[in-house]
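Peer 1: So that we are looking at the same thing, I have put the structure below in structure tokens.
The values are calculated or read from the model by the stated rules, or taken from the named source; none is laboratory data. Everything numeric in this text was worked out from a predicted model, so none of it was measured. Note that each Cβ is placed from the backbone with ideal geometry, even for glycine, and that neighbours are counted across all protein chains shown.
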Amino acid sequence: MNTYIQKVLGVLSIGGGFMSITSILNFILSSSGVAGYIFGAIALLVFLYGIWCGIEIIKSSSARSLAINKIFWAMQIPLLLSPGVSYFLYTGFNFTVHYSFTESGPGFNVSAGGNLLLSLFQFAGPFQVGVNVFALVIFCYLSLIAKKLKSVQAIENF
């Protein structure tokens, strides 16, 4: 794996994670109900996992590091906004292409930082589906590197 890309992925994960954690801690401290604490704790764990993934990818591009980072970046691919369940996650950067069934139709979103949108039964708002193209490209790249690493290890073990 290219060391420059390793470092960039690490910085995106770590930086986006830390930015998000500061927001989450503010949210948790201002929450007044159990649901707020639960969702805050889930978000905190997700971004701590992202920071750990960033540290691991900077340290090495081992099969283990690639596997945990593939999971983390796969978590950032989907966007779903609906009255029943909503989910959207990104750290570092996102370029999301989406389609709104209830409002403007197709669109896109570009932003830096980090965010986790997780809600249940919020009936106000649009119905959207989308894909974080940036996260999808990184996931595919990590998958390709993992496949090459597996091939090299198979040849070495032969």
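Peer 1: Within region 11-44, how many residues are of a type in the set (Val, Ile, Thr) and closer than 19 Å to ASN69 by Cβ? Please lay out each step first, then the result.
Peer 2: Taking region 11-44 as the starting set, the residues that turn out to be of a type in the set (Val, Ile, Thr) are 11, 14, 21-22, 24, 28, 34, 38, 42.
If we keep only those that are closer than 19 Å to ASN69 by Cβ as well, we get 11, 14, 21.
Of the residues in that region, 3 qualify.
Peer 1: Give me the pairs: first residue in region 117-136 and without any contact (Cβ under 8 Å) to a residue 12 or more places away in the chain, second residue among the acidic types (Asp, Glu) and surrounded by fewer than 15 Cβ atoms within 10 Å (Cβ to Cβ), beta-carbon distance under 7 Å, and six or more apart or on different chains, which are they?
Peer 2: The qualifying pairs do not exist here.
Peer 1: Could you count how many residues in region 47-78 are over 20 Å from VAL131 (Cα atoms), within 13 Å of the chain's Cα centre (by Cα) and not hydrophobic (A, V, I, L, M, F, W, C)?
Peer 2: The total comes to 2.
Peer 1: List the residue pairs whose Cβ atoms are under 8 Å apart, where the first residue sits in region 23-39 and is without any contact (Cβ under 8 Å) to a residue 40 or more places away in the chain, the second is among the β-branched types (Val, Ile, Thr) and surrounded by 10 or more Cβ atoms within 10 Å (Cβ to Cβ), and the two are 6 or more positions apart or on different chains.
Peer 2: GLY36/ILE28; TYR37/ILE28
Peer 1: What tally of residues in region 93-125 results from selecting those that are out of contact with any Pro (no Cβ under 6 Å at 6 or more places or on another chain) and either crowded, with 16+ Cβ neighbours inside 10 Å or in a strand (DSSP E or B) (or both)?
Peer 2: Residues flagged as out of contact with any Pro (no Cβ under 6 Å at 6 or more places or on another chain) and either crowded, with 16+ Cβ neighbours inside 10 Å or in a strand (DSSP E or B) (or both) within region 93-125 amount to 22.
Peer 1: I've got another one for you. Let me spell it out: the conditions are (1) modelled with pLDDT of 95 or more; (2) farther than 30 Å from THR3 by Cα, and LYS70 meets all of them except one. Which number is the exception?
Peer 2: Looking at each condition in turn, LYS70 falls short on (2).
Peer 1: Could you pull out the residue among SER60, SER111, SER65, SER119 that is over 22 Å from PHE18 (Cβ atoms) and of a type in the set (S, T, N, Q)? Lay out the reasoning, then the answer.
Peer 2: Values: SER60 fails: over 22 Å from PHE18 (Cβ atoms); SER111 fails: over 22 Å from PHE18 (Cβ atoms); SER65 fails: over 22 Å from PHE18 (Cβ atoms).
It is SER119.
Residue-by-condition table, conditions (1) touching a His at 6+ places or on another chain (Cβ under 7 Å); (2) not hydroxyl-bearing (Ser, Thr, Tyr):
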{"position": "SER60", "(1), (2)": "no, no"}
{"position": "ILE71", "(1), (2)": "no, yes"}
{"position": "LEU79", "(1), (2)": "yes, yes"}
{"position": "SER86", "(1), (2)": "no, no"}
{"position": "PHE95", "(1), (2)": "no, yes"}
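Peer 1: In addition: What about GLY10, is it within 26 Å of LYS147 (Cβ to Cβ), of a type outside the set (D, E, K, R) and modelled with pLDDT of 90 or more?
Peer 2: Here the answer is yes, as GLY10 does meet what is asked.
Peer 1: Could you check how many residues of region 88-111 are within 14 Å of the chain's Cα centre (by Cα) and touching a residue at least 24 places away in the same chain (Cβ under 8 Å)?
Peer 2: 9
Peer 1: Let me ask you something else. Looking at (1) in contact with a Lys or Arg (Cβ under 7 Å, 6 or more places away or on another chain); (2) over 18 Å from ILE5 (Cβ atoms), which is the only condition ILE58 fails?
Peer 2: (2)
Peer 1: Whether any residue in region 72-92 is surrounded by 15 or more Cβ atoms within 10 Å (Cβ to Cβ), in contact with a Cys (Cβ under 8 Å, 6 or more places away or on another chain) and not polar (S, T, N, Q) is what I want to check.
Peer 2: yes
Peer 1: For region 27-53, what are the residues that are farther than 17 Å from SER119 by Cα and at pLDDT below 90?
Peer 2: LEU29, SER30
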